[in-house]
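Chemist: Take a look at the following structure, please.
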Amino acid sequence: MERKDKIEKLIEETLESASHIETVEVPSLFKEKVLNSMATPEEITEEAGIISWFTPRYQVAALICFVIVNAYAVLQYTLDNYEDNVESFAEEYGLSEAEEDYGYTIN
Amino acid sequence: MEEQYLIEALRKGDQQAYRQLLDDYQGRIFNTCISFVPNKEDAEDIAQEVFLEVFNSIDKFKGNSKLSTWIYRISVNKSLEFIRKRSTKKRFGFMQSILGNELPVDKTSYFTEFNHPGIQLENKEKSEILFNAIDKLPEAQKVVFTLHKIDGLSYKEVCAITERSLASTESLMFRAKKNLQGLLRDYYVKDQG
C-alpha cells in the first residue's frame, strides 16, 4: 500500500514537472544563421528540382503503367505458348489436319 | 493590417521583412521546437528549418488563418518529422545491432541528449522521464499535450493550430493525461521493483 502511494506521488510529481519548465532564450546568432542559410539553398533546390516533378501521384501512375504492360506481356506470352503447345501435341499424336488428310488418301 | 504588409513584403523577398519576421517569431518558434525535442542544438536546427520553410512557401500561405498559426503549424510538423526520422534511425540501429553492425545511434531517446535550458536541475530527471513518456503517446495526443502543457499555449491557440474543436482538443488532453499516467505507472513499477 505504501509502495503504491509512493508510485502515485511520483507520477503526480512527474506530470507536475511540466509546469515548471521556463521559457528559453533563443541561441545567440540564431537570426544570422537563418539569414545566412537563406542565401545558400538555391543550388540545393535547383538540384532537387530535377526530379521534384516526380511526385508520389506520378510514381503511382508509373507503377500502374508498369504493372499493366507487364501483365499484358505475360498474358500474350502464355496465349502464344498455348497455341504452340496444342499444335505440337496434335502433330505428335497425328491429330493435325495434314496427317489426317494423309491417312485417308487412297491411290 | 500590419501583418498583411509583412506578408506582402515577404512575398516580394524583402530582406527587412525577413528580419522583422525573425525578430517577431524566433523566440516563440524556438520554444515550440524545444518543447517537442528537448535538446537545444536539435531544436535550433528544427527552428532554422521552420524559418526556411516559411520563407520558401510564403506564396502558399492563403491567409485562412493568422500568420502565427501557420508558422506554429510548420513548427509542429517539422518537429514531428524530426522525431519520426530519429525513431526510424533508432529502429534501423536496432536492426544493425541484431545483424552485428553496431551504429553510433542513440537507442534510448528520440533526442540526442536531454538538454533543455528551461528545466531546473532538480526537475531534470523527472522531466526526462516525462518527455520519454510523451514520445510514446499517439501523435494527436502528443501534439495537444506538448503545445498546451509544455509550450504553455492556450486551448484556443492549440485548437487553431491543430484545426480541431475545443471538445476534441479537451478529449485528446484527457486521454493524453490518462495514457501518461499509465506509462509512468509502468515505468515506476519497474524502476521501484
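Chemist: For B:Glu41, work out the one condition from (1) touching a strand residue (DSSP E or B) at 6+ places or on another chain (Cβ under 8 Å); (2) modelled with pLDDT of 90 or more; (3) surrounded by 14 or more Cβ atoms within 10 Å (Cβ to Cβ); (4) over 19 Å from B:Gly152 (Cα atoms) it doesn't fulfil.
Modeler: B:Glu41 satisfies all of (1) touching a strand residue (DSSP E or B) at 6+ places or on another chain (Cβ under 8 Å); (2) modelled with pLDDT of 90 or more; (3) surrounded by 14 or more Cβ atoms within 10 Å (Cβ to Cβ); (4) over 19 Å from B:Gly152 (Cα atoms) except (3).
Chemist: Among (1) in contact with a helix residue (DSSP H, G or I) (Cβ under 8 Å, 6 or more places away or on another chain); (2) more than 30 Å from B:His116 (Cα to Cα); (3) surrounded by fewer than 16 Cβ atoms within 10 Å (Cβ to Cβ), there is one condition B:Lys60 misses while meeting the rest; what is its number?
Modeler: It fails just one condition, (1).
Chemist: So if I check each of B:Asp42, B:Asp24, which one is under 14 Å from the mean Cα position of the chain (by Cα), within 14 Å of chain A (Cβ to nearest Cβ) and assigned to a helix (DSSP H, G or I)?
Modeler: Answer to the selection: B:Asp42.
Chemist: Inside the range A:40-106, counting only helices (runs of 4 or more DSSP H) that do not spill past its ends, which hold 1 or more residues that are at pLDDT 85 or above and more than 30 Å from B:Gln48 (Cβ to Cβ)?
Modeler: Fully inside the range A:40-106 and qualifying: A:56-92.
Chemist: Within the range B:160-185, take every residue that is surrounded by 18 or more Cβ atoms within 10 Å (Cβ to Cβ) and of a type in the set (Gly, Ala, Ser) and give me the one that is nearest to B:Lys136 (Cα to Cα).
Modeler: By that ranking, first place goes to B:Ala176.
Chemist: Next question, about the same structure. For residues that are more than 7 Å from chain A (Cβ to nearest Cβ) and touching a helix residue (DSSP H, G or I) at 6+ places or on another chain (Cβ under 8 Å), scanning just the range B:178-192, find the one that is farthest from B:Lys142 (Cα to Cα).
Modeler: B:Tyr187
The values are calculated or read from the model by the stated rules, or taken from the named source; none is laboratory data. In this text the structure is predicted, and so the values were computed from the model without any measurement. Here the Cβ is made from the backbone with ideal geometry for all residues, glycine too, and neighbour counts use every protein chain on show.
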